[in-house]
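*Asks:* Pasting in a structure now, in structure tokens, and then I'll have a few things to ask.
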Amino acid sequence: MKRILVTGGAGFIGSHLCEKLVKEGNDVVCLDNFFTGSKENIRHLLSYNNFELVRHDITKEYYIEVDQIYNLACPASPPHYQYNPIKTVKTSVLGIINMLGLAKRCKARILQASTSEVYGNPYVHPQKETYWGNVNPIGIRSCYDEGKRVAETLMFDYHRQNNVDIRVIRIFNTYGPNMNKEDGRVVSNFIVQALKNEDITIYGDGSQTRSFCYVSDLVSGMVKMMNNENDFTGPVNLGNPSETTILEFAKYIIELTNSNSKIIFMPLPSDDPLQRKPDISLAKEKLDWEPQVHVREGLLKTIEYFEKII
Ligand code: NAD
Ligand code: UDP
């Protein structure tokens, strides 16, 4: 049994992670400022003795004694992280400095939830961890992309300079129950629009690609990465390599929901990456991990969730 801090624990991925860690018998502290997360996501865990909820903002210092820290606190959807871009940078940068300081003081192992966005609009496809990326430093996505890149830099500097025990994962587009229905990401947007028979909003011509990973697969990879005892720090890609265009994806959601929705095309936001697919050979080799949930199965579970909440 370990004492584990999960920042951003009331968010989409954080809530699934907290559930897994609590059910494995760990003592879990979920810290969140509820910017995009919600108590609903973790309400079912509040009755467990080994679960605690703390309202706190990681841009401020936080003191606790723990063995492990999963740092997930950061808005992840473009509309949310662009709502207050300066705050997004502070959350990534001041937040990781505070969490690394905590890890250093109590000798905890810390895992940073980094992102495929560190590759920007990639020239290398699929993306391998050795690729340094193609990121615009001054665009509307930069608050998120560059914040996450600096957070990776700080992880490795604290590791080299202060011997902090680190793990870095780069998460590719993940979906599943507990996504915020209003967070503007493509999976939640398309499913909610399809269920309400509203127009499906494709940005651009829909030829851009993404590769979608079901949340239980991602969370099992995160926990494997945290607990690997081989000093494998990463960064390691975690995602599902099954790639689809956004247009194909919209049609698939319409089919799975039996919807009457029509597809409409809207302007593509600037710096929207044209293609994205993880190379997961490193995760397979070092963690013996690869996704198990087929996209159809994952989407049906997600549709069921949204049917319940809308
Ligand atoms: P989410 O928005 O649902 O969760 C983020 C959580 O962090 C929310 O509960 C939010 O309230 C909390 N938070 C935000 N700022 C905070 C702050 N300053 N202090 C404390 N809490 C704060 O997003 P998610 O999809 O669950 O993403 C979780 C993490 O994974 C993020 O760090 C994100 O960058 C990363 N990630 C997610 C994806 C994805 O596809 N979901 C892809 C790449 C990386
Ligand atoms: N997208 C879309 N319609 C929507 C929401 C998103 O066409 O209603 C597109 C978006 O432009 C991007 C892709 O879907 O090309 C994935 O967007 P999302 O915001 O989910 O994540 P990203 O991978 O861009 O961070």
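*Asks:* Taking region 161-179 as the search range and keeping residues that are within 12 Å of ligand 2 (Cβ to nearest atom) and either acidic (Asp, Glu) or assigned to a loop (DSSP other than H, G, I, E, B) (or both), which one is nearest to Thr302 (Cα to Cα)?
*Replies:* Met179
*Asks:* Looking only at region 16-28, how many residues end up being outside any helix (DSSP H, G or I) and surrounded by 22 or more Cβ atoms within 10 Å (Cβ to Cβ)?
*Replies:* Here is the first cut: in region 16-28, the ones outside any helix (DSSP H, G or I) are 24-28.
Imposing the further condition that a residue be surrounded by 22 or more Cβ atoms within 10 Å (Cβ to Cβ) reduces the set to 28.
Result for region 16-28: 1.
*Asks:* May I pose another question? Could you grab me the full set of residues in region 73-117 that are under 14 Å from the mean Cα position of the chain (by Cα) and either away from ligand 2 (no atom under 16 Å from the Cβ) or hydroxyl-bearing (Ser, Thr, Tyr) (or both)? Explain how you work it out, then say what you get.
*Replies:* Step one: list which residues in region 73-117 are under 14 Å from the mean Cα position of the chain (by Cα), which gives 73-78, 80-81, 92, 111-117.
The answer is Ala73, Ser77, Tyr81, Ser92, Leu111, Gln112, Ser114, Thr115, Ser116.
*Asks:* Would you mention how many residues in region 188-215 are assigned to a strand (DSSP E or B) and more than 8 Å from ligand 2 (Cβ to nearest atom)?
*Replies:* Within region 188-215, residues that are assigned to a strand (DSSP E or B) and more than 8 Å from ligand 2 (Cβ to nearest atom) number 4.
*Asks:* Out of curiosity, is Asn121 within 16 Å of ligand 2 (Cβ to nearest atom) and among the polar types (S, T, N, Q)?
*Replies:* yes
*Asks:* Please name all residue pairs, on different chains or six or more residues apart, with Cβ atoms under 8 Å, provided the first residue is in region 222-235 and is farther than 13 Å from Gln112 by Cα and the second residue is aromatic (Phe, Trp, Tyr).
*Replies:* Going by the 8 Å Cβ cut-off, the qualifying pairs are Lys224/Trp289.
*Asks:* For region 150-166, name all the residues that are within 14 Å of ligand 1 (Cβ to nearest atom) and either among the acidic types (Asp, Glu) or surrounded by 21 or more Cβ atoms within 10 Å (Cβ to Cβ) (or both). Can you show your working first?
*Replies:* First, pick out the residues of region 150-166 that are within 14 Å of ligand 1 (Cβ to nearest atom): 150-152, 155.
Selection gives Ala151, Glu152, Met155.
*Asks:* Taking region 266-281 as the search range and keeping residues that are within 9 Å of ligand 2 (Cβ to nearest atom) and not aliphatic (A, V, I, L, M), which one is surrounded by the most Cβ atoms within 10 Å (Cβ to Cβ)?
*Replies:* Here is the first cut: in region 266-281, the residues within 9 Å of ligand 2 (Cβ to nearest atom) are 266, 268-269, 272-274, 276.
Now restrict to residues that are not aliphatic (A, V, I, L, M): 269, 272-273, 276.
Working: Pro269: 14, Asp272: 15, Pro273: 19, Arg276: 22.
The residue in question is Arg276.
*Asks:* Another question, then. In the set Leu72, Leu100, which member is under 23 Å from Val219 (Cα atoms) and away from ligand 1 (no atom under 13 Å from the Cβ)?
*Replies:* The unique qualifying residue is Leu100.
*Asks:* Yes or no: region 138-160 includes at least one residue that is in contact with a Ser or Thr (Cβ under 8 Å, 6 or more places away or on another chain), of a type in the set (Lys, Arg), within 26 Å of Gln292 (Cβ to Cβ) and in contact (Cβ under 8 Å) with a residue 12 or more places away in the chain.
*Replies:* no
*Asks:* Report, by residue number, each residue of region 31-41 that is near ligand 1 (Cβ under 9 Å from one of its atoms) and in contact with a strand residue (DSSP E or B) (Cβ under 8 Å, 6 or more places away or on another chain).
*Replies:* Of region 31-41, the ones near ligand 1 (Cβ under 9 Å from one of its atoms) are 31-38, 41.
Result: Leu31, Asp32, Asn33, Phe34.
*Asks:* Do the conditions hold for Asp231, that is, is it charged (D, E, K, R) and under 22 Å from Tyr144 (Cβ atoms)?
*Replies:* No.
*Asks:* Against the condition surrounded by 14 or more Cβ atoms within 10 Å (Cβ to Cβ) and not in a loop (DSSP other than H, G, I, E, B), how does Ser220 come out, does it pass?
*Replies:* Considered against the rule, which asks whether it is surrounded by 14 or more Cβ atoms within 10 Å (Cβ to Cβ) and not in a loop (DSSP other than H, G, I, E, B), Ser220 comes out as yes.
*Asks:* For the structure I just gave you, tell me whether Arg185 is within 13 Å of ligand 2 (Cβ to nearest atom) and within 20 Å of Asp279 (Cα to Cα). Quick ask: steps written out before the conclusion?
*Replies:* Values: within 13 Å of ligand 2 (Cβ to nearest atom): yes; within 20 Å of Asp279 (Cα to Cα): no.
Taking the combined requirement at face value, the residue does not satisfy it.
For (1) within 7 Å of ligand 1 (Cβ to nearest atom); (2) free of Cβ contacts under 8 Å to residues at least 60 places away in the same chain, each residue gets a yes or a no:
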site: Leu46; (1), (2): no, yes
site: Phe51; (1), (2): no, yes
site: Arg55; (1), (2): no, yes
site: Ile58; (1), (2): yes, yes
site: Glu61; (1), (2): no, yes
site: Pro79; (1), (2): no, no
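*Asks:* Another question about this same structure. I'd like to verify a number: residues in region 237-282 that are aromatic (Phe, Trp, Tyr), within 16 Å of Tyr203 (Cβ to Cβ) and either within 16 Å of ligand 1 (Cβ to nearest atom) or part of a helix (DSSP H, G or I) (or both), how many? If you could, list the steps in order and put the result at the bottom.
*Replies:* In the first step, residues of region 237-282 are kept if they are aromatic (Phe, Trp, Tyr); the result is 249, 252, 265.
So of that shortlist, the ones also within 16 Å of Tyr203 (Cβ to Cβ) come out as 249, 265.
Add one more test, that the residue is either within 16 Å of ligand 1 (Cβ to nearest atom) or part of a helix (DSSP H, G or I) (or both), and what stays is 249.
The number of residues fulfilling the criteria is 1.
*Asks:* Pairs please, first residue from region 4-18 and among the aromatic types (Phe, Trp, Tyr), second anywhere and more than 16 Å from ligand 2 (Cβ to nearest atom) and part of a helix (DSSP H, G or I), Cβ atoms under 9 Å, 6+ apart in sequence or on different chains.
*Replies:* Going by the 9 Å Cβ cut-off, the qualifying pairs are Phe12/Asn41.
*Asks:* Could you list, in sequence order, all residues of region 283-303 that are more than 16 Å from ligand 1 (Cβ to nearest atom), within 19 Å of the chain's Cα centre (by Cα) and closer than 19 Å to Phe232 by Cβ?
*Replies:* Residues satisfying the conditions are Leu287, Trp289, Glu290.
Values quoted throughout were computed directly from the atomic coordinates according to the rules given, and no laboratory measurement underlies them. Being a predicted model, the structure only gives us computed values, none of them experimental. All Cβ positions, glycine included, derive from the backbone under ideal geometry; neighbour counts span all protein chains shown.
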